[in-house]
Amino acid sequence: MHSIGGVTIRGVVAAVPKSVSRIENYDVLMPDERLRFTKATGIRQRRIATDQQCASDLCAFATAALLSETGWSGPDVGLMVLITQTGDFPVPATSIILQNKLGLRTDCICFDINLGCSAFPYGVAIVSSMMKALCIKRGLLLIGDISSKL
């Protein structure tokens, strides 16, 4: 990706569910299948969300930490893009829920994008392009899924 002048990544944070499920405990796979799976993917465990957790919960937790770390507040943000395949509800968009949870302005541009593996490079391109084109000083790119519920 080429750099977009005047746009800088100021921080990266993550939030994951506390509960862990280890691959060796998956009874649906035989022991040799579990070993092959782990060797092929590098995956030894996965995080499991509670029934009450939504993608917006993890994104809000991580974003609150980022805002604190950068010294920003919700009203400072002019753009927020959420990339998720597991939004909280079919309607409304999860970004709108996060707009409220994070105390973003009502005129903050907020929308969801449905992407999986390519979320980060596309997200960076979209957010940085919009910031540059619309003269937005502060934007957030959030990527969050609760895949354990699928």
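The values are calculated or read from the model by the stated rules, or taken from the named source; none is laboratory data. Predicted model only: the values in this text are computed from it and were never measured. Cβ coordinates were reconstructed from backbone atoms using ideal geometry, including for glycine residues, and neighbour counts include every protein chain displayed. To get the accessible areas, we keep the full protein, side chains included, count just its heavy atoms, and leave off ligands, DNA and RNA. Shrake-Rupley method; radii C 1.70, N 1.55, O 1.52, S 1.80 Å.
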*Determine if the stretch 76-97 includes at least one residue that is within 26 Å of Gly6 (Cα to Cα) and open to solvent by 30 Å² or more (accessible area, probe 1.4 Å).*
yes
Restricting the stretch 110-138 to residues that are among the small types (Gly, Ala, Ser), within 25 Å of Asp88 (Cα to Cα) and touching a residue at least 40 places away in the same chain (Cβ under 8 Å), the one least open to solvent (accessible area, probe 1.4 Å) turns out to be Gly123
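In the stretch 57-72, is there at least one residue being more than 15 Å from Ala15 (Cβ to Cβ) and either open to solvent by less than 50 Å² (accessible area, probe 1.4 Å) or in contact with a Cys (Cβ under 8 Å, 6 or more places away or on another chain) (or both)? Explain how you work it out, then say what you get.
The first filter runs over the stretch 57-72 and keeps only residues more than 15 Å from Ala15 (Cβ to Cβ), leaving 70-72.
From the residues that got through so far, the ones that are either open to solvent by less than 50 Å² (accessible area, probe 1.4 Å) or in contact with a Cys (Cβ under 8 Å, 6 or more places away or on another chain) (or both) too are 70, 72.
Taking every residue of the stretch 57-72 in turn, at least one turns out to be more than 15 Å from Ala15 (Cβ to Cβ) and either open to solvent by less than 50 Å² (accessible area, probe 1.4 Å) or in contact with a Cys (Cβ under 8 Å, 6 or more places away or on another chain) (or both).
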In the stretch 16-32, residues that are among the acidic types (Asp, Glu) and part of a loop (DSSP other than H, G, I, E, B) total 1
Here the qualifying pairs (Cβ atoms under 8 Å; residues six or more apart or on different chains; first in the stretch 49-61 and in contact (Cβ under 8 Å) with a residue 60 or more places away in the chain; second of a type in the set (D, E, K, R)) come out as Ala49/Lys149; Cys54/Asp88; Ala55/Asp88; Ala55/Asp145; Ser56/Asp88; Ser56/Lys101
| field | Test for Val16: is it within 18 Å of Ser128 (Cβ to Cβ), open to solvent by 60 Å² or more (accessible area, probe 1.4 Å) and within 14 Å of the chain's Cα centre (by Cα) | value | no
